[in-house]
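S.K.: My structure is below; once you've seen it, I'll send some questions.
The values are calculated or read from the model by the stated rules, or taken from the named source; none is laboratory data. Please read all numbers here as calculations on a predicted model, not as lab measurements. We work out accessible area using only protein heavy atoms, side chains counted, and drop any ligands, DNA or RNA first. Shrake-Rupley method; radii C 1.70, N 1.55, O 1.52, S 1.80 Å.
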Amino acid sequence: VRRKEDPWNSIFAGTATGGVLAIRAGPKAALISASMGGLFLALIEGFGILMNSKFGPTAHGPGGEESLAPPSLAPPRVELPA
């Protein structure tokens, strides 16, 4: 619906999945299961964001964003005459 790839998609999906899978046990069980599914996915996404920020390729590495681009997509290096 939102056409974005972000942690909220996983959290909402976990919430919906937990609720739908427990709906036959009643509304109270569905609500508890949905809450636990959302919480579990939020913890996983938060841990992933933490690991990417601490150990990702752009955390403290030289080159910044340019070093991450594949060679075919990297901007050409132009040397100017001195």
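S.K.: Using 0.36 nm times the number of residues separating Arg2 and Arg77, minus their current alpha carbon distance, what extension gain do you get? Display every interim value, and only then the final one.
M.R.: Working: separation 75, 0.36 × 75 = 27.00 nm, distance 3.69 nm.
Additional length available on full extension: 23.3 nm.
S.K.: Full extension from Phe12 to Phe47: what is 0.36 nm times the residue separation minus their Cα-Cα distance, to one decimal in nm?
M.R.: Values: separation 35, 0.36 × 35 = 12.60 nm, distance 1.66 nm.
So the extension gain works out to 10.9 nm.
S.K.: Then there's this: On the full set of protein chains, 1.4 Å probe, figure out the accessible area of Lys54 and give it in Å² to the nearest 10.
M.R.: That residue has around 120 Å² of solvent-accessible surface.
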